[in-house]
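Visitor: Below you'll find the structure I mean.
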Amino acid sequence: MKAKRGGGSHHGGSWKVALADFAIAMMALFLLLWIMNATDDDAKSAIAAYFEDPGAFRHQSSLNPIDFGGQDSLVRIPNPGPSMRGREGPEIIGDGNAETLNENPDFKDLMDELQRMIGGDDSAGKYEDFIYLEQLKEGLRIVILDNNKRNMFERGSSRMNPFFQDLLLELAPIINKIDNRLMISGHTDSSGFQRSDYGNWELSAARAQVARKTLLFGGLFEEKVLMVLGMADRVPRDPKHPESSANRRIEIMVLADYMERQVERMFAPIDEEDHEHHPTHSNEMHDAFERAERNQFDYPGF
C-alpha cells in the first residue's frame, strides 16, 4: 500500500513583511550611524533640539537647521537674514555687507577693533554670521544672535553653548577698554512654554544674566555694566516671523554719554532741590484743586 503524500503547506507572505521591516530597521540604523559620524557636537545638539521641539524649526530662518555640507537643494528659497527694521535708520557697521558711515568718533577705535575681531585672521571669520554692530545716536549696539547654523542657548534654557561663550570672552577685553557703560538685554522668539510659572520674561532675563557673567569672566569690569534686563519677545528683529531665530539674541548697548546720564536719571531718587520744585510738592497742585472746585457746575440734586 502506497503512502499518499500531500502537497506542501502554504506559508503565505508574512516573511516578506518581516523582511521589509528588517530592511527598514537596518536602513534607519545605517542613517543614524552616518549622522553620528558626519556631524559635530553642535549639529548633534541641533538634531536633539529638533526632536525635543519640532515647532522651533517651522519658521523661514531654519530651512536647513543642520549643516551636513555638500550642495544646497535645487529649489532655493532666499533667506533674508536677520531683520534690521527694529528702528528707522540704523547704520549697519559690522555685518560684512554695509559700509561704515558717519561713525561716532567716540566709538571709532572700538568699532575698528570689533571689526577686526569679527572678520579678522585671528577668528578666521567664524563670528561674522553671529554678530552685528549698529551705530545709533544712543550708542553702539552689539547684537549677538542665533541663525540656522547654531543656537546661542539650548532650547528653552539659559545654558549658553560653548561657541558663544568664546565669542563673549573675546568681546569682553575689547569693550573693557572704553569708559562708557553697558546695557545688556536678552530677547526671545514668541515660542510659548507649557509651564505656567516660567515664560519668555524669565528666560530672556536669565539669558541676559548669563551673558553678563560670561563677560565678567572674560575680564569686563563689574562697574561697566549699568543695566541688565529681559525683554521677552517684545522687540523682535523679524516681526513678520515671530518664531524666527533672528529674534533670539543678546544685545549689548555701549551707551553714549548723554544716554548713560538719562538712564541714571530715570532711576535716581529726586534730590532735595528738585523735590521742592516738583509739582506734587508745590502750591501749584493746591491752587489747581481750588480752581477746579470753583469751576464745578451747580446741578440740582447733586
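The values are calculated or read from the model by the stated rules, or taken from the named source; none is laboratory data. Please read these numbers as outputs of a predicted model, since none were measured by experiment. Glycine gets a Cβ as well: all are built from the backbone with ideal geometry, and neighbour counts include every protein chain shown. Surface areas here come from the heavy atoms of the whole protein model, side chains and all, with no ligands, DNA or RNA. Shrake-Rupley method; radii C 1.70, N 1.55, O 1.52, S 1.80 Å.
Visitor: Determine whether residue 178 is buried (at least 21 other Cβ atoms within 10 Å of the Cβ) and closer than 16 Å to residue 256 by Cα. So that I can check it myself, show each step before the final result.
Guide: Numbers: buried (at least 21 other Cβ atoms within 10 Å of the Cβ): no; closer than 16 Å to residue 256 by Cα: yes.
No, not satisfied.
Visitor: Still on this structure: Sort through 165, 115, 209 and tell me the only one that's within 20 Å of residue 234 (Cα to Cα) and open to solvent by 30 Å² or more (accessible area, probe 1.4 Å).
Guide: On the way: 165 fails: within 20 Å of residue 234 (Cα to Cα); 115 fails: within 20 Å of residue 234 (Cα to Cα).
After applying the criteria, what remains is 209.
Visitor: Just checking, how many residues over segment 224-257 are modelled with pLDDT of 95 or more, crowded, with 21+ Cβ neighbours inside 10 Å and part of a helix (DSSP H, G or I)?
Guide: So the count comes out to 0.
Visitor: If residue 135 meets every condition in (1) part of a strand (DSSP E or B); (2) of a type in the set (S, T, N, Q); (3) within 30 Å of residue 39 (Cβ to Cβ) apart from one, which number is that one?
Guide: (3)
Visitor: When you go through 221, 193, 217 one by one, which is the residue that is surrounded by fewer than 22 Cβ atoms within 10 Å (Cβ to Cβ), aromatic (Phe, Trp, Tyr) and modelled with pLDDT under 95?
Guide: Matching residue, one of 221, 193, 217: 193.
Visitor: Any residue in segment 274-291 that is of a type in the set (S, T, N, Q), modelled with pLDDT under 95, in a helix (DSSP H, G or I) and loosely packed, with under 10 Cβ neighbours inside 10 Å? I'd like the intermediate steps shown before the answer.
Guide: Of the residues in segment 274-291, the ones of a type in the set (S, T, N, Q) are 280, 282-283.
Still in the running and modelled with pLDDT under 95: 280, 282-283.
Then keep just the ones that are in a helix (DSSP H, G or I); that gives 280, 283.
Checking which are loosely packed, with under 10 Cβ neighbours inside 10 Å leaves us with 280, 283.
Taking every residue of segment 274-291 in turn, at least one turns out to be of a type in the set (S, T, N, Q), modelled with pLDDT under 95, in a helix (DSSP H, G or I) and loosely packed, with under 10 Cβ neighbours inside 10 Å.
Visitor: Could you identify the single residue in 170, 222 that is farther than 21 Å from residue 237 by Cβ and touching a Gly at 6+ places or on another chain (Cβ under 8 Å)? Can you show your working first?
Guide: Details: 222 fails: touching a Gly at 6+ places or on another chain (Cβ under 8 Å).
Step by step, each of 170, 222 is checked, and only 170 is farther than 21 Å from residue 237 by Cβ and touching a Gly at 6+ places or on another chain (Cβ under 8 Å).
Here is a yes/no grid of residues against (1) of a type in the set (A, V, I, L, M, F, W, C); (2) more than 19 Å from residue 243 (Cα to Cα):
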{"position": "141", "(1), (2)": "no, yes"}
{"position": "149", "(1), (2)": "no, no"}
{"position": "153", "(1), (2)": "yes, no"}
{"position": "157", "(1), (2)": "no, no"}
{"position": "174", "(1), (2)": "yes, yes"}
{"position": "184", "(1), (2)": "yes, yes"}
{"position": "189", "(1), (2)": "no, no"}
{"position": "196", "(1), (2)": "no, yes"}
{"position": "202", "(1), (2)": "no, no"}
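Visitor: When the residues of segment 196-206 are filtered to those that are over 19 Å from residue 218 (Cα atoms) and aliphatic (A, V, I, L, M), which remaining residue is least open to solvent (accessible area, probe 1.4 Å)? Talk me through it step by step, then tell me what you get.
Guide: As a first pass, look at segment 196-206 and keep what is over 19 Å from residue 218 (Cα atoms): 196-205.
Filter once more, keeping what is aliphatic (A, V, I, L, M): 203, 205.
Values: 203: 6, 205: 38 Å².
Per the criteria, the residue is 203.
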